[in-house]
Amino acid sequence: MNSGRKKTIEGVDSRERLLRTAEQLIAEHGYDAVSTRMIHKGCGVNIAMISYYFGSKEGLFRALIEEKVPKIREKLEVLRDSDQTPWEKLSNTIDLYVDRLFENIKFTKVMGQELSINARPENSDFIVKHIHLNMVIILSFFKEGIEKGDFKSNIDVEMTLSSIFAIIFQWINMSAIGMKLFKLEDKETVYGLDYQDRLKRHLIEMMRSHLLVNP
């Protein structure tokens with residue numbers, strides 16, 4: 001009995017170690033540069049365990065997506081079912097997404113790269129499928145606000161939601177032009193708490209003016 005329990009604990013631990021090592025390596029080097037052998041060497045787990053748990057590197061990457069995106073969805077569902085006003089739900093959503101995406105900037109960039117280059121449609125489609133489920137919940141906040149008369153009735157909800165995420169991802173993928181605009185020399189500065197809070201404030205104030213009937 002004890003040996004069986006120990007084996008279960010070791011199995012869970014091995015899977016978790018593979019996930020965390022793959023996340024770190026993919027974030028640092030990019031999806032293409034990371035091999036299953038690198039992951040195996042990085043965590044000391046038998047390379048056969050990658051096939052056992054995930055089937056392949058692609059399966060391991062998808063497991064990371066399945067782990068990350070639904071965690072945000074769970075919080076969105078709590079917001080959706082709460083007694084908060086539509087505006088409170090939306091402003092809390094902005095806080096949630098900026099915080100979560102900044103928690104692991106490098107991996108967020110990897111997901112963005114997979115979506116932008118579309119070199120592996122199966123990966124891109126998988127990411128889109130999971131993110132879209134989150135977007136549907138956020139769109140419901142806009143629609144609820146319009147129905148209750150809190151939000152302006154003529155807003156383009158899909159374009160508004162796209163604008164929020166375009167700004168967030170533009171910041172995460174800060175370009176040389178952006179660096180010049182903000183007079184920054186160290187690119188890592190844009191990922192600090194000061195700019196994280198500045199980004200939140202900007203998005204919330206922009207949405208307040210854009211959406212609210214009585215801002």
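Taking the range 42-57, which residues are of a type outside the set (Lys, Arg), assigned to a helix (DSSP H, G or I) and buried (at least 16 other Cβ atoms within 10 Å of the Cβ)? Steps first, answer last, please.
Going residue by residue through the range 42-57, those that are of a type outside the set (Lys, Arg) are 42-56.
Filter once more, so that each one left must be assigned to a helix (DSSP H, G or I): 42-43, 48-54.
Scanning the range 42-57 gives 42, 43, 49, 50, 53, 54.
Within the range 196-215, residues that are surrounded by 12 or more Cβ atoms within 10 Å (Cβ to Cβ) sit with their Cβ atoms under 6 Å from residues that are of a type in the set (Gly, Ala, Ser), at 6+ positions apart or across chains, in these pairs: 204/91. The residue of the range 127-137 that is least open to solvent (accessible area, probe 1.4 Å), among those that are free of Cβ contacts under 8 Å to residues at least 60 places away in the same chain and within 19 Å of residue 81 (Cβ to Cβ), is 135.
In the range 77-97, which residue that is free of Cβ contacts under 8 Å to residues at least 60 places away in the same chain and part of a helix (DSSP H, G or I) is most open to solvent (accessible area, probe 1.4 Å)? Walk me through how you get there before you give the answer.
Here is the first cut: in the range 77-97, the residues free of Cβ contacts under 8 Å to residues at least 60 places away in the same chain are 78, 81-84, 88-89, 92-93, 96.
Going one step further and asking which of them are part of a helix (DSSP H, G or I), we end up with 78, 88-89, 92-93, 96.
Numbers: 78: 102, 88: 80, 89: 5, 92: 60, 93: 6, 96: 23 Å².
Among those that are free of Cβ contacts under 8 Å to residues at least 60 places away in the same chain and part of a helix (DSSP H, G or I), it is 78.
Restricting to the range 138-168, count the residues that are farther than 19 Å from residue 84 by Cα and either touching a Cys at 6+ places or on another chain (Cβ under 7 Å) or of a type in the set (Gly, Ala, Ser) (or both). Total meeting the criteria: 4. Checked against (1) free of Cβ contacts under 8 Å to residues at least 24 places away in the same chain; (2) open to solvent by 80 Å² or more (accessible area, probe 1.4 Å); (3) under 18 Å from residue 91 (Cβ atoms); (4) more than 20 Å from the chain's Cα centre (by Cα), residue 148 passes all but a single condition, namely (1).
The values are calculated or read from the model by the stated rules, or taken from the named source; none is laboratory data. Every value quoted in this text rests on a predicted model; they were computed, and no experiment measured them. All Cβ positions, even for glycine, are placed from backbone atoms using ideal geometry, and neighbour counts span all protein chains on display. In case anyone asks, the SASA skips ligands and DNA or RNA and just uses the protein heavy atoms, side chains included. Shrake-Rupley method; radii C 1.70, N 1.55, O 1.52, S 1.80 Å.
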